Amino acid sequence: MRITFWGVRGAIPAPGPETNRYGGNTSCVSVMSGAGHLIILDMGTGIVRLGHALLAGEMGKGQGFASVLLSHAHWDHIQGFPFFPPVFVPGNRFHVYGNAHSSGLLEGILEGQMNPHFSPIYTLKNLGSNISFTAVMPDESYDLGGIELRGRLNPHGHTSALAFRLDEAGRSMVYAPDAGYADGGPTPEMLELYRGADILIHDATFTPTDRATRLDRGNASWADAAAAAVAAGAKHLVLFHFDQDYADDVVDGMLHACRSELDRIGGKKIALTAAAEGLELEL
Ligand SMILES: [Zn+2]
């Protein structure tokens, strides 16, 4: 699997000179499987640059296919969708996996985003590509071109957000972008999903101090991410989904503090990275 980061912020884009190094776009990560199947994790504003890059290949000819894994439908995870150039190219196909009680309801959520009050597109049917939907059920697994997908829900403020696990040929990655754990951290079911992941991309929206005053946002701190990585036996923790108000040097400080915390709580062997736009990881 080749993992590429296109947007690493939470909540709202944060462009500007103080966020240039990590980047200001909201959540989007792409995964290319060993067999050449494209998986897109979330559709924040980072997906726009991904889309332009994809137009150079099959997507530019209307022969592209991708699986899109939508953790939940807050703005920072869907806002790039109506600006993703490949969805306007007839012939391209997308299959969206997401959090809803049924596949029809999942389609309805994204259809609502196209409502003329919010968008000139009016309806998904005006996009040239073919888009289909599957509501992810806990404890089901799905075959994405040779990659096994599983998803489970984390608490996220007054709602919930899917975390996804991808397994291919004995290698695994987990994507957990919005995780507002109750006291005590991830549930046993979530730890089972995270267990032994070669790469754990985890919500690290806040410093612990800021998280304590913003519990209603339903997001994790870097300390929560470190604790989850140790509890799950993850091999490499990638901090992700940074608060829009944090400049690059704040994220540098979070990375440094998280390293110390991992060493302190038994995670000395866990590699640590702060996600940044353009970062690529091979698995
Ligand atoms: Zn988010």
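Only one entry in R259, R217, R211 is among the basic types (K, R) and surrounded by 20 or more Cβ atoms within 10 Å (Cβ to Cβ), namely R211. Could you list all residues from region 83-110 that are surrounded by 15 or more Cβ atoms within 10 Å (Cβ to Cβ), more than 20 Å from R49 (Cα to Cα) and of a type outside the set (G, A, S)? Passing the criteria: Y97, N99, L106, E107, I109, L110. In region 194-217, the residues that are part of a strand (DSSP E or B) reach residues that are within 16 Å of the ligand (Cβ to nearest atom) and among the acidic types (D, E) with C-beta atoms within less than 7 angstrom, at least six apart or across chains, in these pairs: D203/D178; F206/D243.
Which residue is nearest to the chain's Cα centre (by Cα), if the candidates are limited to region 231-260 and must be aromatic (F, W, Y) and in a strand (DSSP E or B)? Among them, the one singled out is F240. Of the residues making up region 158-181, just one is more than 17 Å from L70 (Cβ to Cβ) and within 12 Å of the ligand (Cβ to nearest atom), namely G180. Please verify whether A204 is within 21 Å of A275 (Cα to Cα) and away from the ligand (no atom under 15 Å from the Cβ), treating the condition exactly as stated. Criteria not met by A204. Restricting R217, R211 to residues that are charged (D, E, K, R), closer than 22 Å to T19 by Cα and either in contact with a helix residue (DSSP H, G or I) (Cβ under 7 Å, 6 or more places away or on another chain) or modelled with pLDDT under 95 (or both) narrows the list to R217.
Checked against (1) modelled with pLDDT under 95; (2) farther than 28 Å from M137 by Cα; (3) in contact with a Lys or Arg (Cβ under 9 Å, 6 or more places away or on another chain), F206 passes all but condition (1). Within region 143-159, the set of residues being within 18 Å of H72 (Cβ to Cβ) and crowded, with 17+ Cβ neighbours inside 10 Å comprises L149, R150, G151, R152, L153, N154, P155, H156. Within region 245-269, residues that are closer than 16 Å to G24 by Cβ sit with their Cβ atoms under 7 Å from residues that are crowded, with 17+ Cβ neighbours inside 10 Å, at 6+ positions apart or across chains, in these pairs: A247/T19; D248/T19; D248/Y22; V251/Y22; V251/F242; V251/A274. The lone criterion from (1) closer than 12 Å to G80 by Cα; (2) over 11 Å from the mean Cα position of the chain (by Cα) left unmet by S33 is number (1).
Considered as a group, the residues in region 262-283 that are crowded, with 20+ Cβ neighbours inside 10 Å and not hydrophobic (A, V, I, L, M, F, W, C) include one that is farthest from P15 (Cα to Cα), and that residue is G267. Let me confirm something: among S102, S132, which residue is hydroxyl-bearing (S, T, Y) and under 25 Å from M1 (Cα atoms)? Going through S102, S132 in turn, the sole match is S132.
Tell me, which residue of region 111-143 that is of a type in the set (S, T, N, Q) and assigned to a helix (DSSP H, G or I) is farthest from L55 (Cα to Cα)? Filtering first and then ranking leaves Q113.
Would you confirm, using the coordinates I've provided, whether S221 is more than 23 Å from P15 (Cβ to Cβ) and away from the ligand (no atom under 16 Å from the Cβ)? No, not satisfied.
Condition first: within 29 Å of D243 (Cβ to Cβ) and either within 16 Å of the ligand (Cβ to nearest atom) or of a type in the set (D, E, K, R) (or both). Can you find one or more residues in region 130-150 that meet it? Among the residues of region 130-150, at least one is within 29 Å of D243 (Cβ to Cβ) and either within 16 Å of the ligand (Cβ to nearest atom) or of a type in the set (D, E, K, R) (or both), which makes the answer yes.
The values are calculated or read from the model by the stated rules, or taken from the named source; none is laboratory data. Owing to the predicted nature of the structure, the values given are computational and were not obtained by experimental measurement. All Cβ positions, glycine included, derive from the backbone under ideal geometry; neighbour counts span all protein chains shown.
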